[in-house]
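The values are calculated or read from the model by the stated rules, or taken from the named source; none is laboratory data. Just so we're clear, the structure is a prediction, and the values are computed from it rather than from any experiment. Ideal geometry is used to build each Cβ from the backbone, glycine not excepted, and the neighbour counts take in all protein chains shown.
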Amino acid sequence: MLTGRVHKYAIDNIDTDVIIPGPYLKIMDHQELAKHAMEGLDKDFVKKVKEGDFILAGNNFGCGSSREHAPIALSYAGIKAVLALSFARIFYRNAVDGAYIMPIEIDEAAYKEINDGDILEIDIDTNRIIDVSTGKEYRMRPFPRLIKEIIEAGGLFNYRREE
C-alpha cells in the first residue's frame with residue numbers, strides 16, 4: 001500500500017522537457033537532478049514535495065523525448081507514483097523498467113474528483129485508490145502481468161536476474 005499527498009496538474013501532454021528541462025540533462029547526480037524536477041511547469045515543485053507523494057495529471061503524461069532523466073528526477077524528488085489518464089509509451093517503460101515511479105492509469109472520475117493536496121492510499125494488489133481526504137474510492141487500471149512482475153521485482157534488471 002502506498003500513501004501520499006497529491007500534486008495535481010490538471011493538464012494534458014506534460015512532456016519530458018517540462019518534467020526535467022534540457023539544460024539539466026548533463027547532471028549525472030540523481031539528487032542534484034531532482035532539484036530541477038517539474039521546473040518547467042512549477043518552479044516551487046521540489047519545495048512542496050515530500051517523500052512518497054503523487055502527481056496527478058491528464059492524458060499523455062511524459063510525452064516528448066525518451067529521456068530516462070524524467071522518471072529519475074521525479075523519483076529522487078520524492079514522487080512514488082504518477083496517476084494519469086494515459087502515459088506516453090516510452091515514459092511508462094522508463095518508469096517501470098528503472099523502478100523509479102509507478103505509472104498508474106486512472107479513469108475520468110478520479111481525474112476530476114481528486115484534488116490537489118488530497119491524501120491517497122493506493123493498493124496495486126486490489127487496484128484500488130482511496131481518497132482518504134474525501135472517503136471516495138476509485139479503481140485504477142490493473143497493470144499487465146509482466147509489468148506488475150517487473151514492478152514487484154524492483155525493475156527490469158532485478159526481474160531478469162530473478163529469472
How many residues does the range 19-44 hold that are surrounded by 15 or more Cβ atoms within 10 Å (Cβ to Cβ) and either within 14 Å of the chain's Cα centre (by Cα) or polar (S, T, N, Q) (or both)?
-> 5
Output for Cβ contacts, cut-off 6 Å, separation at least six or different chains, first residue closer than 18 Å to Ser65 by Cα in the range 2-30, second among the small types (Gly, Ala, Ser) and in a strand (DSSP E or B), reads Ile14/Ala57
Filter result for Ile150 (within 22 Å of Ala10 (Cα to Cα), surrounded by 14 or more Cβ atoms within 10 Å (Cβ to Cβ), in contact with a Phe, Trp or Tyr (Cβ under 8 Å, 6 or more places away or on another chain) and touching a residue at least 12 places away in the same chain (Cβ under 8 Å)) = no
Can you name every residue in the range 94-121 that is at pLDDT 95 or above, in a loop (DSSP other than H, G, I, E, B) and touching an Asp or Glu at 6+ places or on another chain (Cβ under 9 Å)?
-> Ile114, Asn115, Asp118
Picking from Ala57, Ala88, Ala81, Ala73, the residue that is modelled with pLDDT of 95 or more, crowded, with 18+ Cβ neighbours inside 10 Å, more than 17 Å from Asn13 (Cβ to Cβ) and in contact with a strand residue (DSSP E or B) (Cβ under 8 Å, 6 or more places away or on another chain) would be Ala81
Of all residues in the range 122-163, count the ones that are in a strand (DSSP E or B), in contact with a helix residue (DSSP H, G or I) (Cβ under 7 Å, 6 or more places away or on another chain) and of a type outside the set (A, V, I, L, M, F, W, C).
-> 1
Given the conditions (1) closer than 21 Å to Asn158 by Cβ; (2) outside any strand (DSSP E or B); (3) small (Gly, Ala, Ser), and given that Ala81 satisfies all but one, which numbered condition is not satisfied?
-> (2)
Does at least one position in the range 24-43 carry a residue that is in a loop (DSSP other than H, G, I, E, B), among the charged types (D, E, K, R) and closer than 22 Å to Ile129 by Cβ?
-> no
Go through the residues of the range 102-115 one by one and say whether even a single one is aromatic (Phe, Trp, Tyr), under 23 Å from Val6 (Cβ atoms) and touching a Gly at 6+ places or on another chain (Cβ under 8 Å).
-> yes
Residue list for the range 1-23, filter: outside any strand (DSSP E or B), of a type in the set (Asp, Glu) and modelled with pLDDT of 95 or more | Asp12
